[in-house]
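Only one structure is covered here, and it is reproduced in the block below.
The values are calculated or read from the model by the stated rules, or taken from the named source; none is laboratory data. These figures come from a predicted structure and were not determined experimentally. FYI the Cβ positions are ideal-geometry reconstructions off the backbone, even for glycines, and counts take in every protein chain you see.
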Amino acid sequence: MIDFGQLVQMAQMVKEKAYAPYSGFRVGAALLGKSGMIYTGCNIENAAYPVTNCAERTALFKAVSEGEQEFLALAVVSDSADYVSPCGVCRQALAEFCGTDFQILMCRSNGDYKIMTLGELLPESFGF
């Protein structure tokens with residue numbers, strides 16, 4: 001069984017490490033691998049915006065670089081009172097390694113979350 005609360009908590013903790021001097025929009029992500037390992041990531045901005053890396057891809061790339069390629073769930077948090085979801089680029093990056101039933105916890109700053117699947121968020125991806 002997936003401990004969603006732990007994923008949200010870890011994403012909130014890593015959000016504090018975000019480097020977001022341009023947007024001020026800090027994001028944290030916690031990615032649960034099939035092995036049970038949790039990989040975290042925060043957004044890292046750059047003055048040349050295309051070089052910026054989202055929290056979700058930071059976590060995904062860390063996991064893959066450590067040998068994990070199968071995943072169960074992802075929590076995404078920010079300072080926003082609204083639910084935050086992965087951007088389109090992150091959704092497609094996740095689709096490379098995750099199936100349509102992959103669970104994404106989109107969180108509010110107060111810790112509340114709703115769950116959607118990758119298939120719901122990216123119904124016509126490359127690779128499905």
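Computed quantities for the displayed model
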{"read-out": "Test set (1) surrounded by fewer than 17 Cβ atoms within 10 Å (Cβ to Cβ); (2) part of a helix (DSSP H, G or I); (3) not hydrophobic (A, V, I, L, M, F, W, C) - residue 23 fails condition number", "value": "(2)"}
{"read-out": "Scan of region 87-107 for residues that are within 12 Å of residue 11 (Cβ to Cβ) and part of a loop (DSSP other than H, G, I, E, B), ordered by number", "value": "none"}
{"read-out": "Unmet requirement for residue 111, which otherwise passes all of (1) in contact with a strand residue (DSSP E or B) (Cβ under 7 Å, 6 or more places away or on another chain); (2) outside any strand (DSSP E or B); (3) in contact (Cβ under 8 Å) with a residue 60 or more places away in the chain", "value": "(1)"}
{"read-out": "Qualifying residue in region 102-110 (condition: over 28 Å from residue 50 (Cβ atoms) and loosely packed, with under 14 Cβ neighbours inside 10 Å)", "value": "yes"}
{"read-out": "Residues that are closer than 17 Å to residue 37 by Cα and surrounded by 13 or more Cβ atoms within 10 Å (Cβ to Cβ), drawn from region 70-89", "value": "71, 72, 73, 74, 75, 76"}
{"read-out": "Among the residues listed as 34, 62, 114, 15, the single one being of a type in the set (D, E, K, R), modelled with pLDDT of 95 or more and in contact with a Leu (Cβ under 7 Å, 6 or more places away or on another chain)", "value": "34"}
{"read-out": "Test: residue in region 77-84 that is under 23 Å from residue 64 (Cα atoms) and outside any strand (DSSP E or B)", "value": "no"}
{"read-out": "Test: residue in region 59-67 that is under 21 Å from residue 119 (Cα atoms), among the charged types (D, E, K, R), surrounded by fewer than 20 Cβ atoms within 10 Å (Cβ to Cβ) and free of Cβ contacts under 8 Å to residues at least 60 places away in the same chain", "value": "no"}
